[in-house]
Every structure is written in C-alpha cells, then in structure tokens.
C-alpha cells in the first residue's frame, strides 16, 4: 500500500520553465508589422488636419499605409502582429479627416454668408444715397468707385458670393441695370480691426470693377 502511494506520488507531470505544466506546445513568435506602427503614428498625426486643412493629406496617407499594413499582417508565410493598430489608424484617419472636412465646409459657408451680408449692406447704402456709409465699408481702392456705382445699382439683386482669386476673398456679381451699363463685380475680404473689446473681424469691399466679359467687350461704333 505504501509502495502504491509512493508510485502514485512519484509520478510527475512534465513541467516547463517556472514549474508550469508543459503540454508540448510552444508559443509562436510573431513579429510586429512596421507598417502597422507607422500607420498608427500617422493616424495620431491626422489630428493636424483639424487645425489646418492643408494637412488633409495626412489622413489620406494614413489610410493607404493602414491598408498596406493589413495586407502585411495577413500575408501568408510569416504572420505578424499589428492588425488592431492598423484598424485603429483607419478609425483615427476617418474621424479626424471627416471632422476636418466638415469644419472646412462650415467655415466656407459662414464666410460666404458674411460676404453676402456685407455686400447687401453696401449696395443698400449706395442705393439709398448714403455714399459716406458705403465708403466707410470700402478699402482705399474701392472708395473711388462708389460714386460711379451709384448710377448702376437698381433694385435689390440676388447675391451669390463665389471664392475670389486670392485666398480668403469673395466676389459678388451685380447684374447690369436696365440702362445696360454693364455688370460689376465686388471683391470682399475679411480684415482684423482692433477695438476696446479686442480684435474683431471686419469685412471690407476691396475692389469694385467691371466683370471680365464687360472689360474685354469692344466698344460699339
């Protein structure tokens, strides 16, 4: 009976390092995909697109690198670690990129609305004969054209601002009056004015000029 107990207690299961049972299976080493690490880093840098739209290229590059990382991880032969990092990079790029696009579109819509409102106030002042008020809304070059614009404005035209030639500027086209004096294009741009409460944005009419069609049209003989 004692021999039986000794034989039973003397039987030991094979043990691995640290005294843990070893079932014969060894852990398989899987290297980390460098592309996945790079994609995750680019995904974090995609936040720059929210600060400046010029960095919108970063989320696009992130998506491309993340796609390459996923293919690298799932490649046959040598399986690598990094799928979760690549998927996280995709989520970061999509989130920051979408937020940047939405913010850019919202800023564009707000700027167009402000340009239209300023142009409407300017034309109302010109139409009502308040030339001093109209000149106060103009830059130095546009002030000289206010008096000549007074004979062109008829009624209240529908204003549709479009981006100007220079970044941040907007153009508003004023249709020709019934006398056929020709269309006019107003150029508007925001400026920063310092007041007691601090710096505020102020829109100015920077130019008042004939449209390109009118400018190149030959004079009738």
In whole angstrom, the spacing between the Cα centers of the stretch 29-50 and the stretch 100-125 equals 38
Taking the mean number of other Cβ atoms within 10 Å as a proxy for protection, how do you rank 31-43, 117-129 from highest to lowest? 31-43, 117-129
Would you calculate the convex hull of the Cα atoms in the stretch 36-139 and tell me its volume per residue in Å³? 79
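No value in this document is a laboratory result; all are computed from the given coordinates. No experiment lies behind these values; they were computed from the predicted model shown. Quick reminder, even Gly has a Cβ in these numbers, built from the backbone with ideal geometry, and neighbours come from all protein chains shown.
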